[in-house]
Amino acid sequence: MKPFLLATDYSEAARNAGDFAAHLAQSCGSELIVFHAWTPTLPAPETSPIVPLDDVRRIQKEAVEAEAARLSKAFQVRTRAIEQSGFAGDEIEVVCEEEGIGLIILATSHHNVVARFFGSVATSMLHKLKFPMLLVPEFVTFKEPQKVLLATDLHDSGDWHELDTLKAIARQLNFSIHIINVVNEKQVAGVEESSAGVRLENKLREIEHTWHFPVDEDIPHAVLETAERIGAGWIAMVPHQLPWYKELFHKSITKQLAFVTHRPLLALPNA
Amino acid sequence: MEQYIAGYESMTAHELSRYLTKEFHTKIRQAFGAALTQLGASLHIEKVNGEAKAIYGLVKGLCAFFTEHAGKEERLLFPLVADTGQSYKASATTYETESFVDDLKEEHYALGEGFMNLRRLTNNYNCNTSASPSRKLAFGHLNGIEQNIKQDIFIEEEYLFPRILRIK
């Protein structure tokens, strides 16, 4: 499989996500790139920098290399360390393109109220990213999933290429896919949705999969309840890329789930 | 029977799909729920044995299987013929639709196998005279479910599926 990228800020949650990522990379036979983005502190004009920029860069390099070495030693996985100055969201995307990354792994923290309100790096990336991303809630340790719940509203006009990563991991870890399409009682399925469903059936032909059509007005509730009932190890979703003004009125289901689920959440962009 | 067959022949694919959803799928789902409730009650009332538990497990499995199968038909296949005569916009290819219909036919076959097992386990839905009323009622429901499912499958395979593939 393509290399995985672990984005870390060395926090407790990120170290846990690192363990998770290394374990997953080892199970999938992938290389793990440990990445840290740092922002250089700009000194005030009248003061001189306390630590020269080169030293800061060296310190950052040593830190990310130490984390990569720790994970390599603990999980017997090939690792590489990369650090970059800049804003995390932007730099992650640049590195992913340069390195041909197959999956980004990031930590999420449910206790961070500020992030919950303004959005963390992980959740802010959900709707603009072009690469699959696995959000690992803090305290969740790696366990090979037996079942993955794929939540979809069947709004896909393409060939479901965004599921290629999910299929590749399913083949490696040998899990089954449970597709959930939450149905609103008054909602009538349209031709477009049905066609997307038929194409999805064909896309997952060689993977063991099953469907669930719960009737519920509250989509996150139905997804979480079904995940609990079937014992899903992960939840997978295709986030919609909404124009910014629509985000004011439509709450993103993926974001809502990212904040409340205690299961790893695999976001599969259809970019 | 002939008058029914003549009726199915004159129905459009859209009418057939609506008819199947209303008259068969919904009622079969409800009957499964009733049968499971009665079987569950009989497990408590009667001296529970392995066979009764096996019947309950099989019916639960058949109910889940049918619910998913009917959901796929109602949500993914039937809407394709909602506007009869129109070609599907941005739709699945003919091959994809045919493959999907083939899968549904295989599921029909699996349902048939499941009910054959159930017949064997329940002695063709015959209870001992000493069986609880709950069990008798449950077996009655199961017999009715099997007949309805057979008819549902017959209409789909003989009338609906060929029409869906023809429209495509």
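The residues of segment A:194-211 that are more than 7 Å from chain B (Cβ to nearest Cβ) and either under 24 Å from A:Arg229 (Cα atoms) or outside any helix (DSSP H, G or I) (or both), listed by number, are A:Leu200, A:Leu204, A:Arg205, A:Glu206, A:Ile207, A:Glu208, A:His209.
The set of residues in segment A:242-261 being modelled with pLDDT of 55 or more and of a type in the set (D, E, K, R) consists of A:Lys251, A:Lys255. Look at (1) without any contact (Cβ under 8 Å) to a residue 24 or more places away in the chain; (2) under 25 Å from B:Gly40 (Cβ atoms); (3) among the acidic types (Asp, Glu) and you find that B:Glu146 fails only one, number (1). A:Arg171 passes every criterion in (1) over 22 Å from A:Asp218 (Cα atoms); (2) within 11 Å of chain B (Cβ to nearest Cβ) apart from (2).
Counting the residues of segment B:95-140 that are more than 25 Å from B:Ala52 (Cα to Cα) and charged (D, E, K, R) gives 7.
Of the residues screened, A:Val191 is one that is surrounded by fewer than 20 Cβ atoms within 10 Å (Cβ to Cβ) and facing another protein chain (nearest Cβ under 10 Å).
When only residues in segment A:94-135 that are of a type in the set (D, E, K, R) and either surrounded by fewer than 15 Cβ atoms within 10 Å (Cβ to Cβ) or over 22 Å from A:Asn16 (Cα atoms) (or both) count, which is modelled with the lowest pLDDT? Filtering segment A:94-135 for residues that are of a type in the set (D, E, K, R) and either surrounded by fewer than 15 Cβ atoms within 10 Å (Cβ to Cβ) or over 22 Å from A:Asn16 (Cα atoms) (or both), the one modelled with the lowest pLDDT comes out as A:Lys128.
Identification of helices (runs of 4 or more DSSP H) wholly contained in segment B:77-168 with 3 or more residues that are at pLDDT below 90 yields B:94-121, B:161-167.
The values are calculated or read from the model by the stated rules, or taken from the named source; none is laboratory data. Predicted model only: the values in this text are computed from it and were never measured. All Cβ positions, glycine included, derive from the backbone under ideal geometry; neighbour counts span all protein chains shown.
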